[in-house]
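The values are calculated or read from the model by the stated rules, or taken from the named source; none is laboratory data. No experiment lies behind these values; they were computed from the predicted model shown. Methodologically, a virtual Cβ is constructed for each residue, glycine included, from the backbone with ideal geometry; neighbour enumeration extends over all protein chains shown. SASA here: full protein model, heavy atoms, side chains in, ligands and nucleic acids out. Shrake-Rupley method; radii C 1.70, N 1.55, O 1.52, S 1.80 Å.
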Amino acid sequence: MAEPTASSNSGGGGVSLPLIESELYFLIARFLTTGPCRRALKVLVQELEQHQLLPKRLDWQGNEHYRSYDELVLSNKHVAPDHLLQICKRIGPILDKEIPPSISRVNSLLGAGRQSLLRTAKDCRNTVWKGSAFAALHRGRPPEIPVNYGTPPNLVEVYRARQLTGYAKFSTSFPGSMYQHVKMHRRILGHLSSVYCVAFDRTGHRIFTGSDDCLVKIWSTHNGRLFATLRGHSAEISDMAVNYENTMIAAGSCDKMIRVWCLRTCAPVAVLHGHTGSITSLQFSPMVKGSMRYMVSTGADGTVCFWQWDTDSMKFNNRPVKFTEKPRPGVQMLCSSFSVGGMFLATGSTDHVIRMYFFGSETPEKIAELESHADKVDSIQFSNSGDRFISGSRDGTARIWRFEQAEWRSILLDMSDRLPGDMCSEEDKFMKPKVTMIAWNQNDNYVVTAVNNHLLKVWNSCTGQLLHDLVGHADEVFVLETHPFDSRIMLSAGHDGNIFIWDITKGTKTKHYFNMIEGQGHGAVFDCKFSPDGQHFACTDSHGHLLIFGFGCSRPYEKIPDQMFFHTDYRPLIRDSNNYVLDEQTQQAPHLMPPPFLVDVDGNPHPTKYQRLVPGRENCADEHLIPQLGYVATSDGEVVEQVIGQQTVDQDEQGLEPSILDGMIRQLQLQQDQRTGADQEWASTGPHNGEGTPRRAFRRPSFDIQSPPNIGLRRSGQVEGVRQMHQNAPRSQMATERDLQAWRRRVVVPEIPPSLLRKQEEYRIAKGEEERDLYATEKKKSCESLEKSDSESSLIQSKRRLHRRKYRNYRTRNNIEQLESSDEERDNCFGLIEQEAEESEGSGSSDEEEEWRSDKKSNSNSSSDSSSRYSDWIADAGINLQPPVRTSRRKAVRYCSTSEEEMSAEKTSPPKRRRRKRRKKPKPKKQEEANAPTQPANLELSYDLHPPIWITDTALRRSPFVPQMGDEVIYFRQGHEAYIEAVRRNNIYELNPHKEPWRKVVLRDQELVKIVGIRYEVGPPTLCCLKLAFIDHATGKHTDKSFSIRYHDMPDVIDFLILRQFYDEARQRNWQASDRFRSIIDDAWWFGTVLGQEPYQPQYPDSHFQCYSVKIWVMVLFEIVEFC
């Protein structure tokens, strides 16, 4: 064991030193070995050995023995030359956690005071600021309190200083510790299913919730009252949006429809049909252009719809401007976000592409497609005041984008980055990081990303530097909400039921709440929003609750019950051809029905004191607040008492005798009407402005009203509860004209004051003009760069015009279906109108294009029928098969929406003429088929031309390899040579030796390539033609060099194209001799043992193709199997 001091030997003249000092001398010498100070190292070692300052060795008897420097190096091989440097690097972050410095993340060995590495807690005590310190101004501004200032300043002195100077810092007058006083005012059960959407109106006085029970509800922010229920959707609510004028709310649903309601009267404004899939996001555009506005929706069908509406008439154009963004089947649009001025819209999708739209022209237009992410982009958000936006992807990265120098440039935020001194846990080593949510803080200085390892990361938005890791959540976080005006505060919530308020400038938690539900465990929090004034925030959870948080007293919220439902919430609806709805029992529009009764989750009416909370029943007499009750049978035969409501006027026509209970109810109602006398007529026809309830007469009930069975979730038991048995629930009287006039005058959600609305519009107009000018300025820069090469560009343009006449235009798969457009439209109105990017000019590129051209011509009879059906990127002439490549030298790219194509098709040639043009060509073929000798020959020909199973198979298999656009694969030259040899040996089809790729470009034994072009030649045999671009291993980007191959699946021929992820996975496994394995061969499991590794062919010693020899256990044979 080492002693605390190193004393000198009895026979030596060394100096006695503590052990740690002698070790420090040794580490200094080791550190100098890798630096330029060689002479200093030599002198230092000589003096250390001369004075015997190096650590000594102890024998088993405790005697010390001197060691030289070289002996110490050999006995301490674990000490690297940079050992001392690593110790110094780790001291600072560890000390910062214990005693925070004045300036975080600035570590220096030479620091002094609170930046010194020798600081203590006593040295870092905060000096209490006095009133004179706050009253002192520096260049006209009050002083800035340090970020880590411990105790908040005295507010009395702060406000006294503001009286003296007229200035006060917000961070000083409202310290972050004030958010510790936020508390939960009330948790209300208002839905039967999970609530994924919550929003405040623009005034902050109302809260909207959208649930999986198909309802949208309106609540009071200040006391939790339930004001209204918006019915109509037939599936889960997926997103909601309130317009900037605070006059409408739109809700998108999984029923593929968007419903818009008037916030003042709750009347339906529009039912919009534009999607064939679920609505994934919904946004009102902040752009102001007279009275015209836009609303944008994205769907799981891969479309983006721009709905135009008018603020004066509040009418929507039922025909949206639609962009169909489906480069391949299955693509879904996931998210969207508008810029502050509304000129830019960014959308994210499952195909990894961010699409940018611009509103500066007459109609929305697509201006860019950003393809930097490697996985789906499911979160995107523009900054609060600038022209930047952030995108989050499942590839484990986020990017901050800015439009500069005529292109969108990004700063990469890698979720695998760590703070200095943080160690990687074992779980993180095997977990691929994914971004689950993103957010800006209020002043856009920071961005916060939520990662699937339950961490929140705070980044500097300008530099991309990681600043803090916020630890606290125990499950994935899908809610990040920034404070509306306090740039320090961020709210987060997740599936673990935790709600945190963070101070992101310090990286600390300010307030924590856990959503524990008695008897049901914790409820996952699905959405949170701040009110515009920042005084409240609302959350929704997986159990149907609304949670209202805020400052101040909770007494107003104590006047409401814990469960709030209207007895009409889940009544069945009938729909017309336009999907507008009526209540099935009353035949009335839901917003014109009389005020409902307030009931609990099981349908039991609340006491009369709670019934006055219903709008329209505030001033009713007690007898008017008692709901009509009846006995109904549940699904299991049990008879329970439920709210029936009020009777109808048209039930006399049924000619049925009333039951005893109904007769008693009718008599009681008649007696009550006689007592009220003349007031009855006014009550039944008077204004319905929230101060009275219209009177309804009772008639004989109807027993033959049939409705669809009840659907939806139930919380407990089989009692119908708020979902009522329809067949026993009679209808109510139709509203009179005076009722309708009164309901039009009611105000459920207040409007924004005109002066405030005007200021907000002026701000958005100014920001919109700023964004439009920015875009125009950057476009001019692009045009100026293009003007420098006018002669060259004009020559290229003439060649391309000639090329377009000869070969038509470049198309993508989603445009193949648009056969109704004319020839001129096909030249100008596809998803990508005109691609002016320059061709890649790598070595052999011209030969490659000639090869594709010649191949297409030589196989015109076979490939013309199928190449457009089975490829993702199509050129009719067979050339330029790579996806659109954007370079700085290009013309403006114009994109057409689907609606524009439809309009242009109507304005050009009529449909009959287009049909004649298409019918002229196949006539000779029909005549040839008619003159064919026998029908079996045609059947045999069609069978031979049928796509083979390896292309049409829908089962998931690793082999054979079926290519897709954008796949990164490993190309094995040996496998390709074996395939060509097999084709020659079996004489399957004719091969041209001069077109073998290794004769045109230099190919190594294995190459990393990317598939940039696909087309198929219908056989027999059907061949897959691929264009492969080389990928630079260092940068990960494909180069301008490429080559092409043709192949098809053959028995006993191993795949020579392997997906990169499979190859990397196999390389990491590092198989050794005696390792046992199992593998799927011909849909069966085979077991074996690895015997060894050796090259398959001597001329390719470094190739991994078939480099392992294995022993199959069952067959006891030696076989060579493929590496991957």
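Observations, loosely collected:
- A cut-off under 13 angstrom between Cβ atoms defines the neighbours of Asn317, and their net charge, with Lys, Arg +1 and Asp, Glu -1, is +3.
- With contacts taken as Cα pairs under 8 Å and at least 6 residues apart, the range 286-328 reaches a relative contact order of 33 percent.
- Rounded, prolate or oblate (a/c below 1.5 giving rounded, otherwise prolate when a/b exceeds b/c) for the range 282-422 by Cα gyration tensor: prolate
- When the listed pairs Lys289/Lys779; Lys169/Lys781; Lys122/Lys509; Lys432/Lys506; Lys366/Lys1000 are checked against a 30 Å cut-off, the alpha-carbon distance exceeds it for Lys169/Lys781; Lys366/Lys1000.
- In this simple spin-label approximation, Val106 and Cys462 carry label points 7 Å from Cα along the Cα→Cβ vector, and these lie 1.5 nm apart.
- Kirkwood hydrodynamic radius over Cα pairs of the range 1023-1077, then Stokes diffusion coefficient at 10 °C and 1.306 mPa s, in µm²/s: 111
- Charge context of Arg402, other residues only, Cβ under 11 angstrom, K/R +1, D/E -1: -1
- Note on Lys780 and Ala1066: the model spin-label points, each 7 Å out from Cα along the C-beta direction, lie 5.7 nm apart.
- Cα gyration tensor shape for the range 494-595, rounded if a/c is under 1.5, else prolate or oblate: prolate
- The distance from the alpha carbon centre of the range 281-304 to that of the range 440-513 is 28 Å, rounded to a whole number.
- Peptides 479-491, 598-610 ranked from most to least packed by the mean count of surrounding Cβ atoms within 10 Å: 479-491, 598-610.
- Solvent exposure, largest accessible area first (probe 1.4 Å, DNA, RNA and ligands not counted), of Ser211, Ser291: Ser291, Ser211
- Between Asp576 and Ile765, full extension at 0.36 nm per residue minus the direct alpha carbon distance yields a gain of 64.1 nm.
- Distance from the range 41-107 to the range 176-245 (C-alpha centre basis), Å: 62
- FRET efficiency estimate (nearest 0.05) - Cβ-Cβ, Lys183 to Asp562, R0 22 angstrom: 0.85
- When each of the peptides 108-119, 529-540 is scored by the mean number of other C-beta atoms lying within 10 Å of its residues, the order from highest to lowest reads 529-540, 108-119.
- Check: the range 218-295 dipole with +1 on Lys, Arg Cβ and -1 on Asp, Glu Cβ, in debye: 200
- Note on Ala235 and Ala80: with the Förster distance fixed at 51 Å, the Cβ-Cβ geometry gives a FRET efficiency of about 0.25.
- The packing ranking of peptides 504-514, 329-339, highest mean first, is 329-339, 504-514, where packing means the average number of other beta carbon atoms within 10 angstrom of each residue.
- Rounded FRET efficiency, nearest 0.05, which uses the C-beta distance separating Leu24 from His1033 and R0 of 51 Å: 0.75
- Label reach from Ser1079 (point 7 Å along Cα→C-beta): in the range 995-1023, amide nitrogens under 20 Å belong to 1006-1007.
- About its Cα centre, the dipole of the range 290-401 is roughly 140 debye, where the only charges are +1 on Lys and Arg Cβ and -1 on Asp and Glu Cβ.
- Between Val747 and Glu71, full extension at 0.36 nm per residue minus the direct alpha carbon distance yields a gain of 234.4 nm.
- Separation of the range 1040-1063 and the range 957-1008, taken as the distance between their Cα centroids, equals 6 angstrom.
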